[in-house]
1. How many Å³ per residue does the convex hull of the Cα positions in segment 130-210 occupy?
2. Treat segment 178-274 as a sphere of radius equal to its Kirkwood radius over Cα pairs and apply Stokes-Einstein at 4 °C in a medium of 1.567 mPa s; give the translational diffusion coefficient in µm²/s, rounded to a whole number.
3. Roughly what would the spin-label model give for Ser199 and Ala123, points 7 Å off Cα along C-beta, in nm?
4. With a Förster radius of 25 Å, plug the Cβ-Cβ distance of Ala232 and Ala144 into 1/(1 + (r/R0)^6) and report the FRET value to the nearest 0.05.
5. Please give the length that would be gained between Thr73 and Val217 if that part of the chain were fully extended, namely 0.36 nm times their separation in residues minus their C-alpha to C-alpha distance (nm, one decimal).
6. Under 5 Å between amide H atoms, partner at least 5 residues away or on a different chain: which partners does Val167 have, H built in plane at 1.01 Å?
7. Between Thr165 and Ser95, what is the FRET efficiency for a Förster distance of 51 Å, r being their Cβ-Cβ separation, to the nearest 0.05?
Amino acid sequence: MRTPFRFAATLALTGALVAACSGVASPTPAPSVAAPSAAAPSTAASPAASPSAAVVPSPSPDPCATANLATLTPGTLTIGTDNPAYPPYFQPPASGNAPKPWQLGDPTNGQGFESAVAYAIAAKLGFATDKVSWTVVPFANSYAPGKKPFDFYLAQVSYTAERATAVDLSDGYYFVAQSVVALTANPLAKVTTISGLKSFKFGAQVGTTAYDTIKNVIQPTTKTSVYNDNDAAVKALQAKQIDGLVVDLPTAFYVTAVQIVDAKNNPLASIVGQLPVQAGPNAEHFSLVLAKGSPLTACVNQALSAVKSDGTLDQITKTWLSDKANAPILAP
């Protein structure tokens, strides 16, 4: 397709060379053959060169504007969490049971720490309550590599560098201490030091930082039992298959006040103590989980920053995670 152009250009160039070599004077005076570009400096400035006619660039669109958010379902924010949805993170209805498929707590009612956090972030992103959808995703699946059925996920997922290689993890929305729960009749209930924990048998949910705490901080002399969820771990504690259960502190409040009680709701378990929270940027914290490289991550962090700066997050934390039980910090 380019051949005719090249051939015509060659003929034109040949003709020019012949004329230049012929020595025949042009009948036209030289000034009249000056190239147009040579006259350009004396020509009036074009509109493009005039400062008054400069084109003003259009402002860049806001990537975090609601209409620009690339959610799984356009116009809807899909949030994932584990099931059962445990209090105090997700609150049961005032009467009756949680709507199916939810067990115990109801993520959709905005009640409970993580439900309230989720809806506060959704609001900052521009999604009304009726534009939020919830989906069940097992805890360990949330941070596994691969495609995600949610826009973001929250279920007390602590940040770890290993998890961050497979998914995006947001800034922290809660800085947490791990704690030890034991039946009040077990000798473990009277231990006051971390070193005193070593001879007891512990259990925790698979894939959690609670399990990592047992392994790396308590370092017991007996093998740790691992369970698919906290409900199974609590049942193992009740059955005396383990001496102690390690969970984050808010969960320990629920276990001792609601799950392990007698017929008159008297507690049968107690919080032995909490392990010191690591200070500084590496302090354990809960993060929202997003797919690796999600276009929503920066916007979610922006929304999270907004609920921190306007006091919303502090109020939610005070409402749902205020201290409800004695939980002394265990000495080394």
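1. Per-residue hull volume (Cα only) is 158 Å³.
2. 100 µm²/s
3. With each label placed 7 Å out from Cα toward Cβ, I get 5.3 nm.
4. 0.80
5. My answer for the length gained is 47.6 nm.
6. Result for Val167 returns nothing.
7. 0.70
Rule-based calculations on the coordinates, nothing more; no lab input. Note that the structure is a prediction, hence the values are computed from the model and not measured. Ideal geometry is used to build each Cβ from the backbone, glycine not excepted, and the neighbour counts take in all protein chains shown.
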